[in-house]
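The values are calculated or read from the model by the stated rules, or taken from the named source; none is laboratory data. Just so you know, these numbers come straight off a predicted model, no measurement behind them. All Cβ positions, glycine included, derive from the backbone under ideal geometry; neighbour counts span all protein chains shown.
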Amino acid sequence: MPRIVVDVMPKPEILDPQGKAIAGALKRLGQTGFSEVRQGKRFELTVDGEVTAEILEQARHAATTLLSNPVIEDVTRVEVIVEATIGAGE
Amino acid sequence: MTETPLIGDFSPMPDSGLSGARIGVITFPGTLDDRDASRAVRIAGGTAVSLWHGDHDLKGVDAVVIPGGFSYGDYLRAGAISRFAPLMEQVIDASKGGLPVLGICNGFQVLTEAHLLPGSMIKNNHLHFLCRDQRLRVENSDTAWTSEYAAGSEIVVPLKNQDGQYVADEKTLDELEGEGRVVFRYVDVNPNGSRRDIAGISNAAGNVVGLMPHPEHAVEAGFGPDSSAFGDVELGGGTDGLGIFTSVLKKIVAGAK
Amino acid sequence: MSERVDARLETADEAKNEHAEFGYVADAVEHIEGRKFNIDTVKHAEETPDTPLPWAELGLKEDEYNRVVEILGRRPTAAELAMYSVMWSEHCSYKSSKVHLRQFGEKVTEDMKKHLMVGIGENAGVVDIGDGWAVTYKIESHNHPSFVEPYQGAATGVGGIVRDIISMGARPVAVMDPLRFGAIDHPDTARLVHGIVAGIGGYGNSLGLPNIGGEVVFDSVYQGNPLVNALAVGVMRHEDIRLANASGVGNKVVLFGARTGGDGIGGASVLASESFEDDGKPAKRPAVQVGDPFAEKVLIECCLELFKSSVVEGIQDLGAAGISCATSELASNGDGGMHVELTSVLLRDPSLTPGEILMSESQERMMAVVTPENVAAFEAIMDKWNVEYSWLGEVTDTGRLIIEWDGEKIVDVDPRTVAHEGPVYDRPYHRPEWLDGVQADTFNSSAAERPSSGEELKAAVLELMASPNMCSKDWVTNQYDRYVQGNTALAMPDDAGVIRVDEETGLGVAVSTDANGRYTYLDPYQGAQLALAESYRNVATTGAVPMAVSDCLNFGSPEDPEVMWQFAEAVRGLADGCQELGIPVTGGNVSLYNQTGGVAIHPTPVVGVLGRFDDVARRTPSGWREDGQAIYLMGVTKDELDGSEWANLRGHLGGKPPALDLAAEKLLGELLINASRDGMIDAAHDLSEGGLAAALSDMALRFGVGARIGLGEVCERDGVDLFTALFSESQARAVVSVARSEEVRFKDMCSARGFAHIRIGVVDTENQALDFQDQFSLPLAELKEAHEGTLPKYFA
C-alpha cells in the first residue's frame, strides 16, 4: 500500500535545541565533519488504494494544520512513496 | 490523639558505622536530582562524593549513583548523549568488576543506552509527564541495592518522568523474569505502560540496578510521599526509599571488614 | 513523485525582505556571509536629518518619536530607534501604570520595610528571612505569547521569570503558575490547556524546579486572552545578592548563554502595544521565542558557580528587549557609561541587522560585568559548563551608552533616557456607568433557586465540586514535578506551597497566589484587596507568617478610561491593603491590553504572598487524618453569594463582592499561625471560592478521610440558612481540625482574642463519607469521582 511521507522541520530562523545538543555531542565524540544539526519529524500516512489528487491534497492539508505548527515549523516534504522504497526494517 | 509530630522525628537515625562507605553521585549537564541523591546517601549514613561527567576519575568511590534529570535535555533520546560522557567509560569498566551502580530515572535511561542494562525507555503511553506516589513491589532482594528489603515487600516512592515506559523484546523480558532480574514492579497502577509492569531491573550479577521511580525522594519524613500523597502513606511514613541506600552501604561496609 | 509545500518558505522570504527595510538608508554596506544590509551610523543620521523612519510601525507614538529626536538632538539611527521603541513600549516602560504603581512605594512604613533587602525596581525584590538567608520571588505574565504559541509561550514564561531570580544571585527553588483559560467547553480551550500545561511542565520539570502551586480558572472572559502568569522563588545567602548594574570603569561586559537569533523580534513592543488579533499580521520575524530548558539549567548552575566564586560584579538577564534592555539598564544603574561592539555578539542567524540584534528576545542569555582580573576565572567557569560567551565591551564613565558596529558608531545615547526616562502617561479614567446597574443586580434578587432539601443540597455540593473552577486540578499538577530538590513540605492542593530553605534548622517559606476576577469586576478596589486577603489567609493557614507581596496585574486596554479606572482602583486597593496588613509589595508585573475586539478580561490582579516558617515541620496540611479530632469553623458567615462560585454556576454575576475586614484577616492569621506553632491543630483550610462546602470537601478528599458535620449552631448563631452556610463566600474564615487534647487550649486562644469559633463536627475514619447530620450523607467515593472527573473528561 502506498504511503505519503511528510517531513516537518523547525523553521530555519527558529532555535532547535535538540539539534544544538546533538551537534555538541557529535563534536565531543570527534565527529567534526558537521557544522550544524537540525532535528525534524517524519510522518508516514498509509493510504488504502491509490493516492488520488484529492488524497494528496488532504495530506497537504493535514501537514499544514495538524502535523506541523506553522508558528515554528515548516513542512518540507509531502511525497508519495511506493512500497519498495520504504526504509529497511519494515 | 497527640499533636502532629515534627518532620524528621520519624527518620531513623543514621547508622554511624556506615560513614566510611563512599558513594559517588554523577552530575551531567541537565542532571536534576544529584543533590537529592547525595542527601539520600547522607541520610542513610554514608558519605556522598560528587562526580563530574567530564572527569576520568571515579575518586575511588565504593559505589555510583547516576541520578535523575534531563541530561542534555533528553534531546535525541533520554540518556543517549550522556552515555558517551568520559566518566561513563570508567563506570562501565568498574561495573564489570562488580562496582555497585544504581541508575535512577534518567540514570536508568543512561544505563540502558550504555548497554549495562537491557531494554529501553520510550514515552509514557499516555504521553504526559506524570508525577505521582507510586507503589512498587520489591521482587528481588538479592541485589546490591535491595538487600535491606524482604522479597515481595511493597514500598511507596515518587515517580516523575516523561519517558518512563520500559520496553524490551519478549525474549529479553522472559530472560529477565527467568533470571530474577526484575527487581521492582509497579503495583496497583502501571503508570506508563511498561512491559510486564517493570519498574526496575538488574544486570545478571546484581551489582547494576536501574529503576524509574525515585527512592531518593522518599528518605525523609515530611518531604516525600507522606507530605503530598492522598492517603497512600501513613503519617510520618514516606521513607520507603531509604533501604536502597542502606542496602548498598551495609554491603560495602561488610565487604570491607 | 515528489511534492513540495513551499508556502511557508515564501513567508520566510517575506520576513527577510521586511527586515531589509530596517537598514533602509545606504551608508556603509556590510557583507556578511553573502548578505547585504545597510548600516545607519550616528554620523549618517546627523547628515540625513529628514530620512523618514518607521517609528509608527515599531509602536512609537508621534510625540514619543519627537521626544527621542529632542533627547538626541538629531534623528535616531535605526539601531537607536529599535532600542527606544522596545524600551518605551508599555511592556518595558510601564508608561500607563507607573503613576499608579508609585503608591506601592509611597504607602509603606519603615516597619514594613524592615525585612526588605531589595525593593521594587530591581529584577526581583529580596526579603530577609533570618539566619543570613534571603528569599527573592516575583510573578510575571506571559499572556499574549502563550495565546499565539501555547507550549513555547508558557515555557519561555517560566524561563524568563527564573532568569530574573538567578540574576539576583539566588538559586531558584520553586515555581508556581496561576493560569486562566476561557470556557472549559470552548473548542479553542483544549489547545491552550494542553500546550500551556505541557510547556510549563516541559520547561520547569527540565530545570529541576518543583512546581508547588498556582491556580487554574476557567471563564469565558479569558477566551481570546488566556492569562499565563509564572512565579519563581529563589534562595540565597545575604552576601550573594547581586544587582543589575555596571560599575567600575574598565570592567568588561560579557554576553553568555545561548546565541542570538531572530526570536520574538518585536514581540516586546508590538505584542504589548496592540491587539494582535485586530490586524492579524505576523510580526516582522517570528514573534515566538523557542525555549531550551537544558540551556537554561546549565545557565543556572553556571551562574551559581560565578556567584560562589565572586567572579561577576553585576548581572542582568536578557528578556523582553534583549540586549537593548540589558545594556541600557546595566549602564544607567551603574557608573553611567558603556561601550559595546555589537559585531562581537555570537549569532545563530548571521542575517540579523544591528537593530534586530538589539531587539532580539532569544532566550537563555545573560549579561555580566567582570573585572579584568576575573576574566580568566570567568572563562574557566564558562568552559567547564560548555557555555558560549563573547566579550562585548566595557564600562565607561562617559555617561553615554555607545554601541559600535565594526568600529562605526550606531548608538550614542544617555542610557537613562532609554531605560528609565521613557514616557509616563496619566491616562484619563472614570468609573463605568454600568457598574451601578451591575452592583444593584444581586444574586438574591435573581431568579436562581436556592437548594434547600437534603437531596438538593447534596446535589449542589457535588455540582460545585465537579465544576470547572472547583474540580480537582490533579490532571494539571500531576504533569509537574513537585519533589525535585527534596525540600517540598507542601504543594498542591494545599493552601500554599511550602519549601524548606535551611536543611539544618527547617527554616522555610510558604507562597500562595490568588485572584478573583469576578470580585474585581464587581468592585476593583475591594476585589484587589480580597485577592490580597485570600493569599494572606492561605499562607497563614499553612502556619507561615506573611512577609511580602508580589503582584501580576492583568487588565484590558489602558486607553479605555473604564479599564484604566479598574486598574487605578485595584492598585489603590492593593496598596491600601498592604499598608493595613503591614506587608510590602516587593515587585511585580503589569500586563495590559488583555482584550479582544473592545471587550476586556475581568480585571485580574494576581497576588502572591510569601510567608516565613521558623521550621517547616510545623506546616499545617489542608486535610484531616486522625479519627475523633474536633472540626471547628473559625469566623462568621453572612449571606454573601454575589460574585460567588455558586452564582457563577447559575450564570449570575452582579451585586457586590463579600465584605472585607483586614483586621479580622490579620487576627485569623495570627490564630492560625499560633495554633500551628503550638501544635494545636493538625489540619487547616481557608474558606474562599465555594465557601464551606468546598472547604469541607477538600479537607475530606485530601487524605480520603470522612467526617460528621452539623451546621445547626452556625445557622442559628449567624442567622443564615443551610444553603448560605455552605455556599456563602464570607471572608476571614477557616476550618481546622483540633486534637481532643488541644481543644480547650484552642478554644481559650480564640476566646481570648474574641474571634468567632464554633465546633461543627468530628473526623470519622470509619465512615467513608461527609455526613451532614439530619440532611444528607456524601460518600467520599462519589465526591471524589465528581471532583476528579472533570478535567480528564475535557482534556484527557
Which condition number in (1) free of Cβ contacts under 8 Å to residues at least 40 places away in the same chain; (2) not in a helix (DSSP H, G or I) is the one that B:Val65 fails?
(1)
Considering only residues that are part of a helix (DSSP H, G or I), of a type in the set (Asp, Glu) and surrounded by fewer than 21 Cβ atoms within 10 Å (Cβ to Cβ), which ones fall in the stretch C:631-678?
C:Glu670
Do you know which of the residues in the stretch B:212-257 that are touching a strand residue (DSSP E or B) at 6+ places or on another chain (Cβ under 6 Å), more than 16 Å from B:Ile23 (Cβ to Cβ) and more than 10 Å from chain C (Cβ to nearest Cβ) is modelled with the lowest pLDDT?
B:Asp240
Screening B:Pro12, B:Pro5 for residues that are in a loop (DSSP other than H, G, I, E, B), surrounded by fewer than 17 Cβ atoms within 10 Å (Cβ to Cβ) and either within 14 Å of chain C (Cβ to nearest Cβ) or modelled with pLDDT of 95 or more (or both) leaves only B:Pro5
Please work out if C:Arg618 is over 19 Å from C:Asn444 (Cα atoms), at pLDDT below 95, within 11 Å of chain B (Cβ to nearest Cβ) and touching a helix residue (DSSP H, G or I) at 6+ places or on another chain (Cβ under 6 Å).
yes
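Under the condition of being under 28 Å from B:Leu87 (Cβ atoms) and within 10 Å of chain C (Cβ to nearest Cβ), which residue from the stretch A:1-26 is surrounded by the fewest Cβ atoms within 10 Å (Cβ to Cβ)? Please lay out each step first, then the result.
Narrowing the stretch A:1-26 to residues under 28 Å from B:Leu87 (Cβ atoms): A:16-26.
After this cut, where a residue has to be within 10 Å of chain C (Cβ to nearest Cβ) as well, the list is A:16-18, A:20-21, A:24.
Working: A:Asp16: 23, A:Pro17: 22, A:Gln18: 20, A:Lys20: 22, A:Ala21: 25, A:Gly24: 16.
Residue satisfying both the conditions and the ranking: A:Gly24.
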Collect the residues in the stretch C:241-262 that are crowded, with 19+ Cβ neighbours inside 10 Å and among the small types (Gly, Ala, Ser), keeping them in residue-number order.
C:Ala244, C:Ala246, C:Gly257, C:Ala258, C:Gly261, C:Gly262
A:Met9 meets each of (1) within 27 Å of C:Gly264 (Cα to Cα); (2) over 12 Å from the mean Cα position of the chain (by Cα) with one exception, condition (2)
If I ask for residues that are closer than 16 Å to C:Gly691 by Cβ, in contact with a Ser or Thr (Cβ under 8 Å, 6 or more places away or on another chain) and not in a helix (DSSP H, G or I), which ones from the stretch C:456-470 would you list?
C:Ser467
Looking only at the stretch C:475-496, decide whether some residue is surrounded by fewer than 23 Cβ atoms within 10 Å (Cβ to Cβ), more than 11 Å from every other protein chain (Cβ to nearest Cβ) and out of contact with any His (no Cβ under 8 Å at 6 or more places or on another chain).
no
Go over the candidates C:Arg450, C:Arg427, C:Arg365, C:Arg416 one by one and state the one that is charged (D, E, K, R), under 30 Å from the mean Cα position of the chain (by Cα) and not assigned by TED's automatic domain parsing to the domain that holds C:Val68.
C:Arg427
Given (1) surrounded by 21 or more Cβ atoms within 10 Å (Cβ to Cβ); (2) at negative phi, identify the lone condition not met by C:Glu364.
(2)
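Residues being outside any helix (DSSP H, G or I) and surrounded by fewer than 23 Cβ atoms within 10 Å (Cβ to Cβ): count how many of those fall in the stretch C:690-704. Talk me through it step by step, then tell me what you get.
Going residue by residue through the stretch C:690-704, those that are outside any helix (DSSP H, G or I) are C:690, C:704.
Among the residues that remain, those that are also surrounded by fewer than 23 Cβ atoms within 10 Å (Cβ to Cβ) are: C:704.
Of the residues in that region, 1 qualify.
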In the stretch B:65-100, residues that are in contact with a strand residue (DSSP E or B) (Cβ under 9 Å, 6 or more places away or on another chain), over 17 Å from B:Gly24 (Cβ atoms) and surrounded by fewer than 22 Cβ atoms within 10 Å (Cβ to Cβ) total 1
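If you scan the stretch A:44-68, which residues turn out to be assigned to a loop (DSSP other than H, G, I, E, B) and under 24 Å from A:Ile14 (Cα atoms)? Quick ask: steps written out before the conclusion?
Kept after step one, since they are assigned to a loop (DSSP other than H, G, I, E, B), are these residues of the stretch A:44-68: A:47-52, A:68.
Once the filter is applied, which keeps residues that are assigned to a loop (DSSP other than H, G, I, E, B) and under 24 Å from A:Ile14 (Cα atoms), the stretch A:44-68 yields only A:Ser68.
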Quick check on C:Ile129: is it part of a strand (DSSP E or B), touching a Cys at 6+ places or on another chain (Cβ under 6 Å) and buried (at least 18 other Cβ atoms within 10 Å of the Cβ)?
no
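I'd like to verify a number: residues in the stretch C:373-399 that are within 14 Å of chain B (Cβ to nearest Cβ), closer than 18 Å to C:Ala295 by Cβ and of a type outside the set (D, E, K, R), how many?
As a first pass, look at the stretch C:373-399 and keep what is within 14 Å of chain B (Cβ to nearest Cβ): C:380-388.
Retained after the next criterion (residues that are closer than 18 Å to C:Ala295 by Cβ): C:381-388.
So of that shortlist, the ones also of a type outside the set (D, E, K, R) come out as C:381-382, C:385-387.
Of the residues in the stretch C:373-399, 5 are within 14 Å of chain B (Cβ to nearest Cβ), closer than 18 Å to C:Ala295 by Cβ and of a type outside the set (D, E, K, R).
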Across (1) among the aliphatic types (A, V, I, L, M); (2) in a loop (DSSP other than H, G, I, E, B); (3) more than 14 Å from B:Asp240 (Cβ to Cβ), B:Ala150 clears everything bar (3)
Among the residues that make up the stretch B:39-62, is at least one of them hydroxyl-bearing (Ser, Thr, Tyr), within 14 Å of chain C (Cβ to nearest Cβ) and either part of a strand (DSSP E or B) or surrounded by 22 or more Cβ atoms within 10 Å (Cβ to Cβ) (or both)?
yes
Can you pull out every residue in the stretch A:44-76 that is within 12 Å of chain C (Cβ to nearest Cβ) and small (Gly, Ala, Ser)?
A:Ala53, A:Ala59, A:Ala62, A:Ala63, A:Ser68
Please enumerate the residues belonging to the stretch C:438-451 that are surrounded by 13 or more Cβ atoms within 10 Å (Cβ to Cβ) and of a type in the set (Gly, Ala, Ser).
C:Ser446, C:Ala448
Flag if A:Ala53 is of a type outside the set (S, T, N, Q) and within 22 Å of C:Glu364 (Cα to Cα)
no
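Name the single residue that is surrounded by the most Cβ atoms within 10 Å (Cβ to Cβ) among those in the stretch C:43-102 being of a type in the set (A, V, I, L, M, F, W, C) and outside any helix (DSSP H, G or I).
Going residue by residue through the stretch C:43-102, those that are of a type in the set (A, V, I, L, M, F, W, C) are C:45, C:53, C:55-56, C:58, C:60, C:68-69, C:71-72, C:78-79, C:81-83, C:86-88, C:92, C:99, C:101.
Imposing the further condition that a residue be outside any helix (DSSP H, G or I) reduces the set to C:53, C:55-56, C:58, C:60, C:88.
Values: C:Leu53: 22, C:Trp55: 20, C:Ala56: 11, C:Leu58: 23, C:Leu60: 25, C:Trp88: 28.
My answer is C:Trp88.
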Odd one out for C:Asp627 among (1) touching a Lys or Arg at 6+ places or on another chain (Cβ under 9 Å); (2) within 14 Å of chain B (Cβ to nearest Cβ); (3) surrounded by fewer than 24 Cβ atoms within 10 Å (Cβ to Cβ); (4) of a type in the set (D, E, K, R):
(1)
Within the stretch C:154-202, track down each residue that is more than 13 Å from chain B (Cβ to nearest Cβ), among the β-branched types (Val, Ile, Thr) and surrounded by 24 or more Cβ atoms within 10 Å (Cβ to Cβ).
C:Thr156, C:Val158, C:Ile161, C:Val162, C:Ile165, C:Ile166, C:Val175, C:Ile196
Sole exception among (1) within 14 Å of chain B (Cβ to nearest Cβ); (2) touching a helix residue (DSSP H, G or I) at 6+ places or on another chain (Cβ under 6 Å); (3) modelled with pLDDT of 95 or more for C:Asp502, by number:
(2)
Are there any pairs, at least 6 apart or on different chains, whose C-beta atoms fall under 8 Å, with the first in the stretch B:23-35 and farther than 14 Å from B:Arg83 by Cβ and touching a residue at least 60 places away in the same chain (Cβ under 8 Å) and the second in a strand (DSSP E or B) and of a type in the set (A, V, I, L, M), and if so, which?
B:Ile23/B:Ala48; B:Ile23/B:Val49; B:Ile23/B:Ala63; B:Ile23/B:Val64; B:Ile23/B:Val65; B:Asp33/B:Ile104
